[in-house]
Amino acid sequence: MPGHPRGKPAGVPCANLLPDLRCALFGRPERPKVCSSLRPQPAMCGESREVALAALAELERATAG
């Protein structure tokens, strides 16, 4: 993953985020497939950034090898 040679844990900001939180790789061929295929749903995002990060952390724990 560009900018994350060892992967990116949940809750760690992506190295490719711009100051306004947009993706610097959006629409570019080097954008990782995991990013372009992610389709956030209301249950994943919740009512706040904190809720969304907690849900992503749980998803990461549940799918860890």
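For the reader, a short list of remarks on this structure follows.
- Convex hull volume per residue in cubic angstrom - Cα atoms of the chain: 104
- The chain: angle of helix 49-63 to the longest principal axis, Cα-based, in degrees nearest 10: 90
- Computed [θ] at 222 nm, deg cm²/dmol, the chain (DSSP H ≥ 4; -39,500 (n - 2.57); rounded to nearest 500): -10000 deg cm²/dmol
We did not get these values from a lab; they are worked out from the coordinates using the rules stated. Worth saying up front: this structure is predicted, and the values here are computed from it rather than measured.
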